[in-house]
Amino acid sequence: MAGKNCVAIATDTRLSTQLMTIDTNFQRVFKVNDLTLMGISGLARDCQTFNALMKFKKNLYSLKEGREMKSSTFAKLVSTSLYEKR
């Protein structure tokens, strides 16, 4: 949800397997930088792996460019990272 000078991301924090709840405080929204948040849905291991991959690529970008990544650039990075697995 987005508004004037604000944004909101809502997600569940429940981690379960079949009919059993394992954890009720599983993180699915990750802070990329001061202006960018990333929300991931799906299986727990997929969330953790994709977050680690994006963190690695963001740090590599920061080292090469010498500056922080903009939100639009990060969105394109996520898009190409997901598409390259097709």
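Read the figures in this text as sums done on the coordinates, not as results from a lab. Just so you know, these numbers come straight off a predicted model, no measurement behind them. FYI the Cβ positions are ideal-geometry reconstructions off the backbone, even for glycines, and counts take in every protein chain you see.
Quick notes on this one:
- Consider the range 43-68 and keep the residues that are more than 14 Å from the chain's Cα centre (by Cα) and among the aliphatic types (A, V, I, L, M). The one that is farthest from Ala10 (Cα to Cα) is Leu63.
- Note on the range 61-86: residues that are of a type outside the set (Asp, Glu) and loosely packed, with under 11 Cβ neighbours inside 10 Å amount to 11.
- Scope the range 4-47; condition of a type outside the set (S, T, N, Q), in contact with a Lys or Arg (Cβ under 7 Å, 6 or more places away or on another chain) and in contact (Cβ under 8 Å) with a residue 24 or more places away in the chain; matching residues: Val32, Leu37, Gly39
- For the range 57-68, the criterion of being touching a Ser or Thr at 6+ places or on another chain (Cβ under 7 Å) and assigned to a loop (DSSP other than H, G, I, E, B) is met by at least one residue.
- Qualifying residues in the range 38-60 (those that are touching a helix residue (DSSP H, G or I) at 6+ places or on another chain (Cβ under 9 Å) and surrounded by fewer than 14 Cβ atoms within 10 Å (Cβ to Cβ)) - the one farthest from Thr17 (Cα to Cα): Leu53
- Some residue of the range 20-42 being outside any helix (DSSP H, G or I), hydrophobic (A, V, I, L, M, F, W, C) and more than 14 Å from the chain's Cα centre (by Cα): yes
- Candidate set: the range 4-21, residues that are small (Gly, Ala, Ser) and exposed (fewer than 10 other Cβ atoms within 10 Å of the Cβ); chosen: the one farthest from Ser41 (Cα to Cα): Ala8
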